[in-house]
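First comes the structure, then the notes that go with it.
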Amino acid sequence: MQQDTLLTAGQQLTASPQLTANESPDAETVIIDTGCANLSSVRFAFERLGAKVLVTDDKAKIKAAKRVVLPGVGTAGVAMASLHEKGLVELIQGLTQPVLGVCLGMQMLAAISKERGGKGQDCECLGIIPTDICELDTQLLKAESLPLPHMGWNQLKLTTNSQGTNSPNVHPLFAGIEDGSYVYFVHSYRAPLSEFTLAECTYGEGFSAAIGKGNFMGVQFHPEKSAAVGAQILRNFLQMDELQMNKALMNKALRSNSADGQAGANKADQ
């Protein structure tokens with residue numbers, strides 16, 4: 001079953017079946033209808049920024065979009081089952097435009113999730129970012145008298161993969177975001193700190209508040225509930241397209257290679 005709705009600020013319209021993402025600026029940003037997500041809050045957050053988005057599970061429209069949002073609430077198993085049922089798994093894996101996973105959507109970008117949902121085995125996710133999703137360490141939480149789930153405002157620490165406003169290595173998603181900014185979380189499972197961490201947070205333990213690889217990026221927090229900081233992150237995403245993303249990633253790789261070369265030269269001089 002394919003459903004799509006053309007959404008503009010303050011109104012909801014039924015899209016023409018002939019309309020494609022490339023034929024209308026309204027459809028440049030597509031939110032994937034996963035069938036198990038609270039799409040309204042994410043949609044309204046983009047609308048507040050004046051964006052016009054298309055919520056759909058239509059493969060052609062997702063593939064043609066300038067940028068794609070993968071939302072999610074609930075459990076990994078149910079969300080992945082919905083993506084399989086809609087035939088969207090391979091499509092998402094092959095996207096080349098900027099893709100933003102939000103909350104469970106971020107976790108689905110990983111290899112596996114330990115959130116079994118009553119089943120006897122781990123949930124196989126999209127496998128786009130090579131990291132695994134595990135439950136927050138309950139022993140550490142208990143030791144610090146912290147409840148599960150992690151719910152409420154907490155601080156971001158931008159990593160060396162995505163430094164703050166004044167750094168030349170800033171990831172496009174965090175442009176204009178200051179280190180230590182507060183965002184809103186609701187989750188029990190997390191991605192560990194890794195080379196793919198763009199921002200981290202501490203709740204009993206350090207974990208990835210945002211991860212990224214290539215054109216794929218994800219945030220564990222809810223930008224749509226994170227006031228001005230969340231709005232800036234969504235605004236940054238709305239400014240991305242495939243060409244800009246590739247240019248930013250290429251510049252980052254060149255800076256990294258230059259730094260490695262300088263470090264090697266310094267070592268040789270010693």
Förster radius 22 Å - calculated FRET efficiency between A231 and W153, Cβ distance, rounded to 0.05
0.90
According to the square roots a ≥ b ≥ c of the eigenvalues of the Cα gyration tensor, what is the shape class of the range 180-225, taking rounded for a/c under 1.5, prolate for a/b larger than b/c otherwise, and oblate for the remainder?
oblate
Packing-ranked peptide list from 143-154, 229-240, highest mean Cβ count within 10 angstrom first, is 229-240, 143-154
Would you list which lysines come within 30 Å of K119, measuring only between C-alpha atoms, while excluding same-chain residues fewer than 8 positions from it?
K59, K86, K142, K213
Quick one: putting +1 on the C-beta of Lys and Arg, -1 on the C-beta of Asp and Glu, what dipole do you get for the range 45-147 around its Cα centre, in Debye to the nearest 20?
500 debye
Using θ = phi - 60° and the Karplus form 6.51 cos²θ - 1.76 cosθ + 1.60, what ³J(HN,Hα) does each residue of the range 104-112 get, whole Hz, x for Gly and Pro?
4, x, 5, 4, 5, 6, 6, 6, 9
Could you rank the peptides 79-87, 211-219 by their average count of other C-beta atoms within 10 Å per residue, with the highest value first?
211-219, 79-87
State the percentage of accessible surface on the range 43-200 attributable to carbon and sulfur atoms; use a 1.4 Å probe and exclude ligands, DNA and RNA.
50 percent
In nm, to one decimal, how far is the modelled label at T138 from the one at V186, with both set 7 Å along Cα→Cβ?
2.2 nm
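The values are calculated or read from the model by the stated rules, or taken from the named source; none is laboratory data. Only a predicted model underlies this, so the values are computations on that prediction, with no experimental measurement involved. Virtual Cβ from ideal backbone geometry, glycine too; neighbours counted across all protein chains shown. Ligands, DNA and RNA are stripped out before the accessible areas are found, and what is left, the full protein with its side chains, is counted by its heavy atoms. Shrake-Rupley method; radii C 1.70, N 1.55, O 1.52, S 1.80 Å.
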